[in-house]
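Accompanying notes for the structure given below.
The values are calculated or read from the model by the stated rules, or taken from the named source; none is laboratory data. These numbers were taken from a predicted model, which means no experiment stands behind them. Cβ sites come from the backbone with ideal geometry, for glycine too, and all protein chains shown count toward neighbours. To get the accessible areas, we keep the full protein, side chains included, count just its heavy atoms, and leave off ligands, DNA and RNA. Shrake-Rupley method; radii C 1.70, N 1.55, O 1.52, S 1.80 Å.
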Amino acid sequence: MNILKGRIIKGIAGFYYVKTGNGVIECRARGKFRIDNIKPIVGDIVDIATLNNIDGYIIKIYPRKNELARPLVSNVDQAVIVFSIINPKINKLLLDKMIVVALLNDIEPIICINKIDLCRREDYEEILNIYSRIGYRAFPISYVTKAGIKELKDELSGKTSFFSGPSGVGKSSIINSLQSEFSVQTGELSERISRGKHTTRCVELIPLNNGGFVLDTPGFTSLNVDVDIENLKYYFAEFEQFQKNCRFSTCIHENEPCCSVKKAVEEGLINKDRYLNYLILLKELRKNQKRRN
Ligand SMILES: Nc1nc2c(ncn2[C@@H]2O[C@H](COP(=O)(O)OP(=O)(O)O)[C@@H](O)[C@H]2O)c(=O)[nH]1
Ligand SMILES: [Mg+2]
Ligand SMILES: [Zn+2]
């Protein structure tokens with residue numbers, strides 16, 4: 001009996017496909033997991049027992065760093081948040097929302113502007129600079145010219161990443177060009193075809209040849225920012241250096257007097273669009289709270 005450590009990369013009807021140093025091994029979960037009500041999920045780091053390196057049993061699930069519900073997957077490190085400037089036009093509110101949702105799940109955001117072959121350099125640099133100034137990694141890329149693809153791939157090395165962003169921005173195209181061995185459906189037509197089969201589609205981690213994994217289904221498809229109103233400010237990293245100077249430690253930088261964050265916005269030290277998106281998110285959180293009560 002061989003005990004191997006590995007990663008669940010796919011699960012179908014009670015079978016789990018575990019990538020180990022000895023290849024991908026088809027496993028069932030030991031009965032014990034069912035009793036403890038723990039179900040292995042894609043992304044789990046596990047120990048398996050195998051006699052033949054072909055099939056085996058999962059005997060241990062290591063503690064999860066995080067767990068996403070849709071798609072159901074664990075131990076995600078990074079979210080590659082993809083937008084384009086045009087075709088489709090960038091939605092900065094959605095972009096900021098996706099960053100907050102990533103941070104709430106303990107996932108590092110990487111911001112990508114794709115389709116830079118379609119817009120002016122100033123246009124994408126202006127956006128990317130906003131985020132790199134805050135401290136996030138931000139890349140210009142083009143699936144068409146392959147600009148920036150290598151740089152992005154280097155960022156995915158050794159990490160588990162999923163792609164997030166509106167339909168049509170080029171997520172599937174980019175994933176395809178990260179490695180030629182696999183193919184994810186791209187384009188409007190294939191998306192329409194695959195929608196019908198959606199229920200049978202499974203979550204799968206695709207191994208990259210640089211030690212990373214990418215998720216084949218987009219993350220954050222249903223965007224629910226789930227955070228207490230008074231804590232939202234902590235997910236706008238650029239507020240941090242200013243908020244200690246607000247008069248009230250409970251300041252949420254909305255209508256309070258002597259707010260250093262608002263002052264920093266007026267002085268151009270904090271990006272105004274980001275701040276306005278913060279205010280919109282505050283309002284949305286309040287509305288959701290009322291609905292719940
Ligand atoms: N001009 C241009 N078109 C692109 C680029 N990347 C993707 N596309 C096109 O945009 C469309 C949508 O791409 P797709 O990968 O399906 O987007 P997804 O919905 O985000 O997965 C396809 O027709 C792609 O060929 C790019 O960098 N430049
Ligand atoms: Mg797609
Ligand atoms: Zn304040």
*Hey, could you check the stretch 249-293 for residues that are in a loop (DSSP other than H, G, I, E, B) and among the charged types (D, E, K, R) and say which is nearest to residue 227 (Cα to Cα)?*
254
*asked:* Which pairs turn up if I take residues in the stretch 162-174 that are under 11 Å from residue 89 (Cα atoms) and open to solvent by less than 10 Å² (accessible area, probe 1.4 Å) and look for partners that are small (Gly, Ala, Ser) and away from ligand 3 (no atom under 16 Å from the Cβ) with beta carbon separation below 7 Å, at least 6 apart in sequence or on another chain?
replied: 169/84
*Please report, ordered by residue number, the helices (runs of 4 or more DSSP H) entirely within the stretch 29-140 with at least 2 residues that are open to solvent by less than 70 Å² (accessible area, probe 1.4 Å) and hydroxyl-bearing (Ser, Thr, Tyr).*
121-134
_Restricting to the stretch 10-28, name every residue that is open to solvent by less than 60 Å² (accessible area, probe 1.4 Å), of a type in the set (A, V, I, L, M, F, W, C) and within 23 Å of residue 209 (Cβ to Cβ)._
18, 25
